[in-house]
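Here's the structure, in structure tokens; my notes come after.
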Amino acid sequence: MNEEFEQQNAQGEQPQIQRPNVTRPGEFAHPEPMQPLPEVGGPTLEPPGGIARGGQPQPTAGGAPSNGAPASGAAFGLPSSPAFAPIPPAQPKKKRTPGWGALIAATVVAALVGGGLGYGAVYSQFGKARPAAAIAESASGSTPVVKQTADNAPDWQAVHQAVSPSVVAITNSSQEGTSAGSGVIIDKEGHIVTNNHVIAGAKELLVSLADGRVFKAKLVGTDPATDLAVILLQDPPKDLAFAQIGDSSKVVVGQPVAAIGNPLGLEATMTTGIVSALDRPVTTQGESADPFSQNQASPVVTNAIQIDAAVNPGNSGGPVFDAQGRVVGIASSIASIGQARGQQAGSIGLGFAIPVNLAKNVADQLIKNGVAEHAFLGVTISDGVAQFNGQARIGAQVQSVTPGTPAAKAGIRSGDVITKIDGHNVSGGTSLTGYVRQYKSGDVVTVTFDRDGKLLDVDVTLATRKDAK
């Protein structure tokens, strides 16, 4: 488990973050949402962006979201945030899967487990830290790249025609009944990337291609820490189409995107919109491989791509494409306004996708090893406020450092408030956790932190811990 969280209820009606799951056409199951966790003690500062795997992002002072940073609040107290939940898979009327939690993260404490630190640094009164600087087309094979029109507007009709053969509907038959979700084919061997919560507990997996052909699939590997999984078609056809993978590090706010999937059992549905924000810290409840286990799965933390394209139950695991038809994210969760008990939430224009660079990293490991490894720092953190040079900035405050870990070797101490990692603003404990999970073992990152009113940098060589299979 890479993170541990303390959470308390925010006051008032909260949007809930849910996974888009799917039902067969005409059969709309209504899973009951989990009740918010009981209130626990913690700092009065609420997490920036307040995303509890579906937390509602807070606008900036100007009203527009920016990289997960919260709006300014009186005495650094932020407004309560919506609850994020994984997009639930579609389900038939006979049996019902458990509802998805509306987890409101107020105080986030994350134990970032990870490897060793390596860095060349200057020894000073701050140990190893140093002063920081001022603030083509065919019926099979890879899907073609779509050219935009002369006026640079997206040609969504061409995109859908090009990429829809690589998008699949997944039916999961488990002890709890039948549910459905989405996925995307990533190679000619028939490997499919989807969400872990789409295939959790499966006794049988059936995959429907865009042309109506149905194949059995087997599980290759799951990564509950990121809510990702890979399955493999059995006896895939020779004319199998697979998607082109884009680069999520080049995604920008405002660019057009499209989600294609299986919402409410309606296969190959495309919805379009724009990227609303990047690096949005989202926390949702993880999914146990055994739905009847008494042990609750660990939360999933993602610095997600926020989109306003409609994402609904059943979209979970489906691809988000750019205007050229390249996959830039995997739809995983939505934020929604609290609904009556027994009702299933739908899109309110706040959808979240796992960046494809993270998805590809995890998928490659699952295909090769069956398990995935994640980078870690080796610190326990909470939301905090750094104060230096006459200014205050929200960050992740170090509560404790585990001996022998990358953080300990780098000289990071309890009480330090981390404000950046590799130049990315850290807006709280959840934000830092999401960033660290995007790195690989051996990556060297620059951690910027406040110590006693001075802003410092230190280079950290991340290590990894192998998650249980």
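The values are calculated or read from the model by the stated rules, or taken from the named source; none is laboratory data. None of the values given here were measured: they were computed from a predicted structure. No Cβ is skipped: glycine too gets one built from the backbone with ideal geometry, and neighbour counts run over all protein chains shown.
Overview of values
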| read-out | value |
| --- | --- |
| Residues (over 25 Å from Val371 (Cβ atoms), assigned to a loop (DSSP other than H, G, I, E, B) and more than 22 Å from the chain's Cα centre (by Cα)) located in region 224-249 | Asp235, Pro237, Lys238, Asp239, Leu240 |
| Residues satisfying the stated conditions in region 186-197, i.e. assigned to a strand (DSSP E or B) and surrounded by fewer than 24 Cβ atoms within 10 Å (Cβ to Cβ) | His191 |
| Ala407 being more than 19 Å from Gly221 (Cα to Cα) and either touching a strand residue (DSSP E or B) at 6+ places or on another chain (Cβ under 9 Å) or surrounded by fewer than 20 Cβ atoms within 10 Å (Cβ to Cβ) (or both) | yes |
| Ala363 being touching a helix residue (DSSP H, G or I) at 6+ places or on another chain (Cβ under 6 Å) and under 25 Å from Leu278 (Cβ atoms) | no |
| Search result, residues across region 164-184 that are crowded, with 24+ Cβ neighbours inside 10 Å and more than 12 Å from Gly261 (Cα to Cα) | Thr171, Asn172, Ser179 |
| So Thr464, is it closer than 30 Å to Thr222 by Cβ, touching a strand residue (DSSP E or B) at 6+ places or on another chain (Cβ under 7 Å) and surrounded by fewer than 24 Cβ atoms within 10 Å (Cβ to Cβ) | yes |
| Any hit, region 172-185, residues being modelled with pLDDT of 95 or more and either assigned to a loop (DSSP other than H, G, I, E, B) or among the β-branched types (Val, Ile, Thr) (or both) | yes |
| Residues of region 422-450 satisfying the condition of being in a strand (DSSP E or B) and over 14 Å from Ala129 (Cα atoms) | His424, Asn425, Val444 |
| Residues of region 362-384 that turn out to be surrounded by fewer than 24 Cβ atoms within 10 Å (Cβ to Cβ), among the hydrophobic types (A, V, I, L, M, F, W, C) and modelled with pLDDT of 95 or more, as a count | 2 |
| Of residues in region 289-328 being modelled with pLDDT under 90, surrounded by fewer than 24 Cβ atoms within 10 Å (Cβ to Cβ) and of a type outside the set (A, V, I, L, M, F, W, C), the one farthest from Val230 (Cα to Cα) | Gln294 |
| Tally, over region 117-163, of residues that are crowded, with 19+ Cβ neighbours inside 10 Å, of a type in the set (Gly, Ala, Ser) and modelled with pLDDT of 80 or more | 1 |
